[in-house]
Amino acid sequence: MTTESSTNKSGQRSPEQEMASEQEITPEQLADDIVKEAEEQVEEQHEHAHEAISLEQERINELELALATAKATVADQKDSVIRAKAEVDNIRRRAAQDVEKARKFALEKFASEMLTSVDNLERAVGSIDKEDDHQKALVEGVELTLQGLTTSLEKFGVKAIDPKDQPFNPELHQAMSMQEVPDVAPNTVIAVMQKGYELNGRLIRPAMVMVSKAAPSVDVKI
């Protein structure tokens, strides 16, 4: 049978010819086909893996952003709490100071009024003749009254300022006059006309005093 007879008139190859053609594929071609198919599978798996990793990374980025936002919120809230606590502490401290000042100086006006009575009793004691036996009982009574009054004032923080022979202090003393006194340093209190008083360290009345002054210099002509 000739070659032409083995071929259909339509030009199509017969099954026998197809099998013969497949048997003609070389091992090298078969290996290339297998490698190509394997590479295609690997590439497809790589694409799927890359997509999965991208989704996971995107989720990680979202979580990291949410975490950073939460940390910033916590930090802001912490700062707000610290500032609020500091403000509350300051308010409490100021309130405590105000209460302490009110407690210490609530009697300032009353004490100032009582000083007039103290001054009158001191003048009375100074004006009575203590050598007179007829006035002895009166002197003792006035002195006891004065002592009791000053003791009561001292219990509430009222302290007398009697600066005789002390250096003049303009914060506590009020100079009424100045006088030259031999052998006395300048700016020394030489007499107290009226005692001063302070209430818990706060001056409520300065002491009225007389202060020594330096003698004028004398030019010596030669």
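Within segment 141-164, the set of residues being within 14 Å of LYS195 (Cβ to Cβ) and either at pLDDT 95 or above or not in a strand (DSSP E or B) (or both) comprises LEU146, LEU149, THR150, LEU153, GLU154, ASP162, PRO163, LYS164. Quick check: is even one residue across segment 96-115 polar (S, T, N, Q), under 37 Å from the mean Cα position of the chain (by Cα) and in a helix (DSSP H, G or I)? Yes, some residue in segment 96-115 is polar (S, T, N, Q), under 37 Å from the mean Cα position of the chain (by Cα) and in a helix (DSSP H, G or I). Just wondering, is there one or more residues in segment 171-179 that are exposed (fewer than 15 other Cβ atoms within 10 Å of the Cβ) and under 26 Å from GLU100 (Cβ atoms)? Yes, that holds for at least one residue. Within segment 184-219, the set of residues being assigned to a loop (DSSP other than H, G, I, E, B) and polar (S, T, N, Q) comprises ASN187, ASN200, SER217.
Can you say whether ILE91 is part of a helix (DSSP H, G or I), of a type in the set (A, V, I, L, M, F, W, C) and modelled with pLDDT of 85 or more, as far as the supplied structure shows? Criteria met by ILE91.
Exactly one residue out of GLN147, GLN135 is in the same structural domain as LEU115 (by TED's automatic domain parsing), loosely packed, with under 13 Cβ neighbours inside 10 Å and farther than 17 Å from GLU108 by Cβ: that is GLN147. Applying a threshold of 8 Å to beta carbon distances and a minimum spacing of six or more residues, or different chains, the list of pairs starting in segment 146-159 at a residue that is in contact (Cβ under 8 Å) with a residue 40 or more places away in the chain and closer than 19 Å to ARG123 by Cα and ending at one that is of a type in the set (A, V, I, L, M) and in a helix (DSSP H, G or I) reads LEU153/ALA111; LEU153/MET114; LEU153/VAL118.
The values are calculated or read from the model by the stated rules, or taken from the named source; none is laboratory data. Because the structure is predicted, anything quoted here is derived from the model rather than measured. Counting neighbours? That spans all protein chains shown, and the Cβs are built from the backbone with ideal geometry, glycine included.
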